[in-house]
Amino acid sequence: MKPVPPPQVASLARPSAAQRAAARSAPWSARWLLVAPHRLGFFAAALMLSLSALWWCAVLLARAMGLALPWQVATASAHALLMSMAFMPMFFTGFLFTAGPKWLDLPEVPARSLLPALLCMLTGWCGVLPGLHISWVVSATGLALVALGWSMVSWRFMGLVRRSRAPERLHPTLVAMACAVGAVVLWVDVAALALRHDVLLRCAIQFGLWGFLAVLFAVVSHRMIPFFGASAVPVLDAWRPLWLLWVMVGMLWLQAMLAVVERIGWPMGPGFRWFQCAIEAPGALLLLWLTWRWGLVQSLKIRMLAMLHGGFLWLGVAIGLQALSHGLMALTGNELSLGLAPVHALTMGYLGATMFAMTTRVASGHGGRPVAADNPAWILYWVLQAAVLLRVIGALWPSGAAALTLAAVLAWSVATVGWSWRYGNGFGRPRPDARPG
């Protein structure tokens, strides 16, 4: 059997049957991670995704068994920090430097050039995680490395946007702005850990969640979901007016500011709660209508498209739950609310399911496999959706919250570790069709 050619000299000609067979049987090698940005970024993200899921699973199991773990940071803040910032920026790195050059009509970005930034982030999180339990100094130092790595990525992507002469640069520009917000948020997180200031940390986490992660996902959803739908289902059109993009982004940035005001602890009377509800209720209705307009029903016959739509549906649900929660708080003087149900619908539902769908599509399409969700991917996706439902129901049902939350994190771990193992295995091997990339 002929050896698989190294990535830098792989032939652009149609591979022979022998070359394809050699590619499928090739051993795993780290050198293949440097072939394409999505390989390197997704592999690093998969490591952190699995580690953070297993860490939180261990924390909740220890709590269920009555074991007291040491904490240098408030448990809720530590959980929010890890689950929002630990793996998403690395997935963004792989996605943006795979799709971004195409959006901007620029040459491909070598994966090797992203290695220092990704190593900074991975190394940093390997310090943050134990530091949360044993030393706030270690945790703050590790997070500074993470912030440095993401700042490097953000600056690099902003450079692509500046150099581009593509006629349509609004989506990449908004993405670059969101990336810059994420960099600032991470540096504020570093300061909060160094000062041991939990309120500042929680404010930064909330602003990062709504003003960085949710905005970036919304911009990508506006650009990609209608395009994918129109490409796969002939009766659909790629309807994505710019006013809709600005409404989505504006609503999420406003949510970011209101979340910070809420975490600061200022008195929140009924008037403030009704103001929140007045913004969120029509926003939720718009987003839920948009899932229908973009073809949720028509997408159900195509698994990969259904996964994308299923993720986007959670954004409307999350904003709707926010509106209901704030309305309930207005009526009861802040005594009753829906708890953490809205934020988990956003994070696990919209961000988690959309991340799962987008990365599966990129990993398949750029990995020499059909752009379709096969049975293992489809099953893992529904395990993830089950995790979201369990966690949201647990937040709405306090008496069963402990058991449902533990079940949710176990399902989340199965889905994320399963995805990481399956696709991470392919990132370190040549494409099964023996083509470069």
Given the options Val362, Val383, Val409, name the one that is at pLDDT 95 or above and either farther than 25 Å from Phe92 by Cβ or touching a Phe, Trp or Tyr at 6+ places or on another chain (Cβ under 7 Å) (or both). Val409
Only one of Met85, Met90 is in contact with an Asp or Glu (Cβ under 9 Å, 6 or more places away or on another chain), crowded, with 17+ Cβ neighbours inside 10 Å, under 21 Å from Ala353 (Cβ atoms) and modelled with pLDDT of 95 or more; which? Met85
Can you report the number of residues in the stretch 371-396 which are among the β-branched types (Val, Ile, Thr), part of a helix (DSSP H, G or I) and surrounded by fewer than 23 Cβ atoms within 10 Å (Cβ to Cβ)? 3
Of everything in the stretch 77-123 that's of a type in the set (Gly, Ala, Ser) and closer than 22 Å to Ile205 by Cα, which residue is nearest to the chain's Cα centre (by Cα)? Ser84
Residues within the stretch 218-248 that are closer than 19 Å to Leu315 by Cα and surrounded by 15 or more Cβ atoms within 10 Å (Cβ to Cβ), tallied: 16
Scanning the stretch 172-182 residue by residue, those surrounded by 18 or more Cβ atoms within 10 Å (Cβ to Cβ) and either more than 19 Å from Ser113 (Cβ to Cβ) or out of contact with any Pro (no Cβ under 9 Å at 6 or more places or on another chain) (or both) turn out to be Pro172, Leu174, Val175, Ala176, Met177, Ala178, Val181, Gly182
Any pair with Cβ under 6 angstrom, 6 or more apart, that starts in the stretch 311-333 at a residue that is under 10 Å from Pro270 (Cβ atoms) and ends at one that is among the small types (Gly, Ala, Ser): Met329/Ser337
Search the stretch 328-353 for residues being modelled with pLDDT of 95 or more and not hydrophobic (A, V, I, L, M, F, W, C), and hand back the single one that is nearest to Leu236 (Cα to Cα). Tyr350
Given the residues Pro241, Pro226, which is the only one that is under 17 Å from Val362 (Cα atoms) and either over 19 Å from the mean Cα position of the chain (by Cα) or at pLDDT 95 or above (or both)? Pro226
As an exercise: evaluate Leu114 against (1) modelled with pLDDT under 95; (2) under 23 Å from Leu174 (Cα atoms) and give the number of the one condition it does not meet. (1)
Which ones in the stretch 334-368 are farther than 30 Å from Ala36 by Cα, in contact (Cβ under 8 Å) with a residue 40 or more places away in the chain and not in a helix (DSSP H, G or I)? Asn334, Leu338, Gly339, Leu340
Please tell me if Leu54 is over 23 Å from Gly394 (Cβ atoms) and either surrounded by 13 or more Cβ atoms within 10 Å (Cβ to Cβ) or in contact with a strand residue (DSSP E or B) (Cβ under 9 Å, 6 or more places away or on another chain) (or both). no
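The values are calculated or read from the model by the stated rules, or taken from the named source; none is laboratory data. For clarity, every value in this text was computed on a predicted model and none was experimentally measured. Positions of Cβ are generated from backbone atoms using ideal geometry, with glycine treated the same way; all protein chains shown enter the neighbour counts.
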